[in-house]
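Q: Provided herewith is a single structure, encoded as structure tokens, for subsequent inquiry.
The values are calculated or read from the model by the stated rules, or taken from the named source; none is laboratory data. Everything numeric here is computed off the predicted structure, so don't read it as measured data. Positions of Cβ are generated from backbone atoms using ideal geometry, with glycine treated the same way; all protein chains shown enter the neighbour counts.
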Amino acid sequence: MVAQKRQQARWNEKLITQKGGPGRRAFIPQQIEVPRAEVVSAWKRQKAAVLPEVSELELVRHIVRLSQMNHGVDVGPYPLGSCTMKYNPKVNERIARFDAFGMMHPDAPDIVQQGNIEVLYRLQEVLKGITGFGGVTVQPAAGAQGEYVGMLITKAYHESRGETKRNKVLVPDTAHGTNPASAAMAGYKVVELPSTENGYVDLEALEAALDDTVAAFMITNPNTLGIFEPHVKEISEKVHKYGALMYLDGANFNGVVGVVKSVDMGFDIQHFNLHKTFSGPHGGGGPGCGPVGVVDHLVEFLPKPLAAYDAENDRYYFDYDLPKSIGRVHGYHGNFGIAIRALAHIYRNGGEGLRKMCEAAVLNANYLMEKVKKIKGFSVPLAEGIPRKHEFIASPVPLMRETGINAGDIAKAILDYGIHSPTVYFPMIVKEALLIEPTEGETKDDLDAIVDALREIAEKAYEDADIIHSMPKLTAKGRLNEYDLAKNPVLSQRQSGD
Ligand SMILES: Cc1ncc(COP(=O)(O)O)c(C=O)c1O
């Protein structure tokens, strides 16, 4: 099929501070009849803040024009691997905005906010059901914070048993970058394990690294190649034999949810990325939510409080009675809005629906992989013939050798087709990696559009590589000078001379 290009809006939009005029206002609230409080003079501004003065229409047009010069899931495909930029149903957004949730002060007495505590409690319960764990906290604000919490729990557990010489965490080289960072932040020495050519954990290297100084084995499964570790049971038996814990980075849960339970794979601790699997918006810096689940004997170490239910009195409450808890890791209820979206998504889909969601994500990734593999100039390295889960890596090394066009050039050129770039140069174990994750939401037409775009880029590269070097041309901003961006960045309005 012929690849369709898309012209992005290109407004000559000024900064909001360069618009409007004195006295213009978007909205003037009524004076309220509350006496003015005197502010401590040290806190008072010496002169009025320079704020934009614009009418409501100017403001709305400004925001809409900026949004038209942007790319999002609501505009076109967003196959950014490892980030799961999937479509999140709008109904979940509406539910999260209900006044009953949004207007409730988290300091209100438990009896007043029964519904909110119930949401947290129910989310804990469904995540327990999906994984088989004995306890879940929804406090952590992101996947990486969940990992850090998991490492602190690991530490607290070993210390409670007097096992203080456990100072290492084993991390395969296919792990997400946050895994070694979280283990190191918790004070552990990180030992990287190599992978086999199938992207699996090298079992001999694991065996050689295991001893009684290992605190945990931390694996991203499916890993950053989209490959499920088939020896996970065997690995967990080996790790447990040495008294270490099995940690699952469950951020890629989209690829296995509803099909396998984490406890059945032998995991003791796992974090989830609600903003990747269960309808939280991902990107723009959050807010995220990275709940952590643990097996029964680790529940006492979870952050406190946990949401709890007193069946006798039919009352929800916060349970602070966890004497070995690692303590609070977030104020109030964590990123509560994301918890609401996740619960709504899980309830709307049900068990069957979640499994279908997972199967569709896996089918889409494998369909795309098979098509991309056949494009001249591309290869799908490692794990020949092994199906992927929710994402896969394509590499344009053959194209680069013949034309000079690399993964970065492709990531830029694909923008002219109304498609967001895949993740590039990650994971680092694959040269010129394009990590592609279509997600379950895309139709076959959209998947074919990605294939057509990649094929046309490759064909053009063979004809005349300069065409690709000059792309994107149809985006609001064209190709930028990377040297200037890195060496002479203009980071403030004042510096730009405006
Ligand atoms: C596999 C994996 N682990 C961990 C993380 C870290 O999650 P967060 O960005 O919420 O900190 C991500 C991010 O998307 C991820 O893809």
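Q: What helices (runs of 4 or more DSSP H) lie completely within the range 403-486 and have 2 or more residues being of a type in the set (D, E, K, R)?
A: Once the helices (runs of 4 or more DSSP H) in the range 403-486 are filtered for at least 2 residues that are of a type in the set (D, E, K, R), what remains is 407-413, 444-463.
Q: Restricting to the range 79-101, name every residue that is assigned to a loop (DSSP other than H, G, I, E, B), surrounded by 15 or more Cβ atoms within 10 Å (Cβ to Cβ) and more than 15 Å from the chain's Cα centre (by Cα).
A: Across the range 79-101, the qualifying residue is only 89.
Q: Continuing with the same structure: Name the residues in the range 228-260 that are aromatic (Phe, Trp, Tyr) and more than 23 Å from residue 362 (Cβ to Cβ), would you?
A: Listed by number, the residues that qualify are 242, 247.
Q: Go through (1) crowded, with 21+ Cβ neighbours inside 10 Å; (2) under 27 Å from residue 246 (Cβ atoms) for residue 340 and report which single condition fails.
A: (2)
Q: Using the structure shown, decide if residue 10 is modelled with pLDDT of 90 or more, among the charged types (D, E, K, R), under 30 Å from residue 479 (Cβ atoms) and not in a loop (DSSP other than H, G, I, E, B).
A: No.
Q: Go through 474, 415, 435 for me and flag whichever is within 27 Å of residue 252 (Cα to Cα) and touching an Asp or Glu at 6+ places or on another chain (Cβ under 8 Å).
A: Going through 474, 415, 435 in turn, just one is within 27 Å of residue 252 (Cα to Cα) and touching an Asp or Glu at 6+ places or on another chain (Cβ under 8 Å): 435.
Q: Related question: Working carefully through the options 178, 224, find the one that is within 16 Å of the ligand (Cβ to nearest atom) and in contact with a Gly (Cβ under 7 Å, 6 or more places away or on another chain).
A: Answer to the check: 178.
Q: For the range 79-121, enumerate the residues that are touching a Pro at 6+ places or on another chain (Cβ under 9 Å) and hydroxyl-bearing (Ser, Thr, Tyr).
A: 82
Q: Separate question: Looking at the range 153-177 only, could you name the residues that are within 21 Å of the chain's Cα centre (by Cα) and either over 13 Å from residue 249 (Cβ atoms) or crowded, with 21+ Cβ neighbours inside 10 Å (or both)?
A: 171, 172, 173, 174, 175, 176
Q: In the range 128-166, what residues are under 14 Å from residue 327 (Cα atoms) and either within 16 Å of the ligand (Cβ to nearest atom) or basic (Lys, Arg) (or both)?
A: 137, 138, 139, 140, 145, 146, 148, 149, 150, 151, 152, 155
Q: Shifting gears a bit: Please go through the range 15-65 and give me each residue that is under 23 Å from residue 491 (Cα atoms) and of a type in the set (S, T, N, Q), ordered by number.
A: The answer is 17, 18.
Q: Taking residue 439, is it touching a residue at least 40 places away in the same chain (Cβ under 8 Å), in contact with a Lys or Arg (Cβ under 7 Å, 6 or more places away or on another chain) and hydroxyl-bearing (Ser, Thr, Tyr)?
A: So residue 439 passes the test.
Q: Report the residue count in the range 202-219 for those that are within 16 Å of the ligand (Cβ to nearest atom) and either of a type in the set (Phe, Trp, Tyr) or in contact with a helix residue (DSSP H, G or I) (Cβ under 6 Å, 6 or more places away or on another chain) (or both).
A: Matching residues across the range 202-219 total 3.
Q: Any idea which of (1) loosely packed, with under 14 Cβ neighbours inside 10 Å; (2) at pLDDT 95 or above; (3) of a type outside the set (Lys, Arg) is the one residue 481 doesn't satisfy?
A: (2) is the only condition that residue 481 fails.
Q: Out of 23, 76, report the one residue that is touching a residue at least 24 places away in the same chain (Cβ under 8 Å), assigned to a loop (DSSP other than H, G, I, E, B) and more than 24 Å from residue 423 (Cα to Cα).
A: 23
Residue-by-condition table, conditions (1) under 30 Å from residue 180 (Cα atoms); (2) of a type in the set (Lys, Arg); (3) under 20 Å from the mean Cα position of the chain (by Cα):
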| residue | (1), (2), (3) |
| --- | --- |
| 356 | no, yes, no |
| 369 | yes, no, no |
| 372 | no, no, no |
| 398 | no, no, no |
| 411 | yes, no, yes |
| 425 | yes, no, yes |
| 430 | yes, no, no |
| 442 | no, no, yes |
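Q: Right, next: Hey, among the residues in the range 312-330 that are in contact (Cβ under 8 Å) with a residue 40 or more places away in the chain and closer than 19 Å to residue 108 by Cα, which one's surrounded by the most Cβ atoms within 10 Å (Cβ to Cβ)?
A: Per the stated criteria, the residue is 316.
Q: Now for a different question. Given (1) surrounded by 20 or more Cβ atoms within 10 Å (Cβ to Cβ); (2) under 29 Å from residue 277 (Cβ atoms); (3) touching a residue at least 60 places away in the same chain (Cβ under 8 Å), identify the lone condition not met by residue 412.
A: Tallying (1) surrounded by 20 or more Cβ atoms within 10 Å (Cβ to Cβ); (2) under 29 Å from residue 277 (Cβ atoms); (3) touching a residue at least 60 places away in the same chain (Cβ under 8 Å), residue 412 fails exactly one: (2).
Q: Give me the strands (runs of 3 or more DSSP E) completely within the range 249-329, filtered to those with at least 2 residues that are modelled with pLDDT of 95 or more and out of contact with any helix residue (DSSP H, G or I) (no Cβ under 6 Å at 6 or more places or on another chain), ordered by residue number.
A: So the answer is 306-310, 315-319.
Q: To continue, here is another question. Which members of the range 343-353 meet the condition of being surrounded by fewer than 22 Cβ atoms within 10 Å (Cβ to Cβ) and not charged (D, E, K, R)?
A: Scanning the range 343-353 gives 344, 347, 349, 350, 351, 353.
Q: Could you please find all residues in the range 263-300 being surrounded by fewer than 24 Cβ atoms within 10 Å (Cβ to Cβ) and away from the ligand (no atom under 12 Å from the Cβ)?
A: 263, 264, 265, 266, 295, 296, 297, 298, 299, 300
Q: Out of 81, 72, 23, 76, which single residue is of a type outside the set (D, E, K, R) and more than 30 Å from residue 345 (Cα to Cα)?
A: Checking each option against the conditions leaves just 23.
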